[in-house]
Amino acid sequence: MNKFFAIGMALFVSVGGSSLAAIYNGNGDTSFFGAVGQGHLSLTDNGTTVSGTFTKGSGDFLDVLVLFIDSKSGGFSTTSGFTDSASRLTRAVSGIDGTGNRATADFATGFSADYAIALRPRSAGDPEQLFQLVNNGTHNRVGSVNLSPVGTGSSTTYTFSFNWSDIGVTPGSGASFRFESTYIGDTGSRSLESFESLTGDPGWNFVAFNNYDTYITAVPEMTNPALAIFGGIALGTGALRGARRFFAKRIE
């Protein structure tokens, strides 16, 4: 039986009593009819491959869900320098329509985007891609993230996957990345729907992220529950990793 517990912003679910999935809820916004704002994202991994399941909210999945990923040093604190408008996916990542309209997003303090996953399942042609981000140039296509299903925006759930190595992370214990999400049209017009908190205005306007989410590998290693002690304070990355492993042992 699956069991649930919450740490910080994410809800954690034991799957089959052994592995953990982290669930990130939408922020409740419905400016693009609620597919993301009223939906949720689940992430888990097997040590090599990260698997995601997006469960849409009230609206159909007709626009582009972009997950900006901070997985290594360097990166970008804003989308203001992105100029790639060659495709629907890159226009969504860049937040531009290619004719001068721009929807700039500033990332939260402490977050610098290195990669972006763009998901647009309504199109059977070029429905998704993982990009390495580039300022004032063409975003580098890293590869497919195996989105399924494609060709429809009305499915209840959508799955995707990528390898840790695809985002510059060595697979193994302690692997992690930060992410921020936006639901945006393929002309660069942005909603406020996200799995994080945003301030600003929808459309071709400025928004700012107020926070980011963190995913830490779901492979449990900790064997001594005494190492995980929790108080009434926010958990840092190390404490969160310990918390996940502690509960992984306790809920089997």
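Under the condition of being in a loop (DSSP other than H, G, I, E, B) and either at positive phi or of a type in the set (A, V, I, L, M) (or both), which residue from region 21-43 is surrounded by the fewest Cβ atoms within 10 Å (Cβ to Cβ)?
28
Check region 48-55 and report whether any residue there is in contact with a Pro (Cβ under 6 Å, 6 or more places away or on another chain), more than 24 Å from residue 110 (Cβ to Cβ) and in contact (Cβ under 8 Å) with a residue 40 or more places away in the chain.
Yes: one or more hits.
In region 90-124, what residues are under 26 Å from residue 163 (Cβ atoms), β-branched (Val, Ile, Thr) and assigned to a strand (DSSP E or B)?
Result: 117, single match.
Take region 162-189 and flag every residue that is outside any loop (DSSP other than H, G, I, E, B) and touching an Asp or Glu at 6+ places or on another chain (Cβ under 9 Å).
164, 167, 177, 178, 179, 180, 181, 182, 183, 184
Could you tell me whether region 74-85 includes any residue that is surrounded by 15 or more Cβ atoms within 10 Å (Cβ to Cβ) and out of contact with any strand residue (DSSP E or B) (no Cβ under 9 Å at 6 or more places or on another chain)?
no
Would a scan of region 44-63 turn up a residue that is crowded, with 20+ Cβ neighbours inside 10 Å, within 20 Å of residue 175 (Cα to Cα), modelled with pLDDT of 95 or more and polar (S, T, N, Q)?
Scanning region 44-63, I find at least one residue that is crowded, with 20+ Cβ neighbours inside 10 Å, within 20 Å of residue 175 (Cα to Cα), modelled with pLDDT of 95 or more and polar (S, T, N, Q), so the answer is yes.
Kindly provide the set of residues from region 162-174 that are at pLDDT 95 or above, surrounded by fewer than 18 Cβ atoms within 10 Å (Cβ to Cβ) and in contact with a strand residue (DSSP E or B) (Cβ under 9 Å, 6 or more places away or on another chain), ordered by number.
Answer for region 162-174, where residues must be at pLDDT 95 or above, surrounded by fewer than 18 Cβ atoms within 10 Å (Cβ to Cβ) and in contact with a strand residue (DSSP E or B) (Cβ under 9 Å, 6 or more places away or on another chain): 163, 168.
Kindly check whether there is at least one residue in region 216-227 that is modelled with pLDDT of 95 or more, part of a strand (DSSP E or B), crowded, with 20+ Cβ neighbours inside 10 Å and in contact with a Lys or Arg (Cβ under 9 Å, 6 or more places away or on another chain).
No - not one qualifying residue is present in region 216-227.
With the condition kept exactly as written, say whether any residue in region 4-14 is modelled with pLDDT under 95 and under 13 Å from the mean Cα position of the chain (by Cα).
yes
Which of the residues that make up region 114-154 are of a type in the set (Ser, Thr, Tyr), in contact with an Asp or Glu (Cβ under 9 Å, 6 or more places away or on another chain) and at pLDDT 95 or above?
115, 138, 144, 152, 154
Return yes when residue 125 is farther than 27 Å from residue 217 by Cβ and surrounded by fewer than 15 Cβ atoms within 10 Å (Cβ to Cβ) and no when it is not.
Here the answer is yes, as residue 125 does meet what is asked.
Are any of the residues in region 74-87 of a type in the set (A, V, I, L, M), touching a residue at least 24 places away in the same chain (Cβ under 8 Å) and part of a strand (DSSP E or B)?
no
The values are calculated or read from the model by the stated rules, or taken from the named source; none is laboratory data. From a predicted model like this one, the values you see are computed outputs, not experimental measurements. For neighbour counting, all protein chains shown are included, and Cβ atoms are generated from backbone atoms with ideal geometry for every residue, glycine included.
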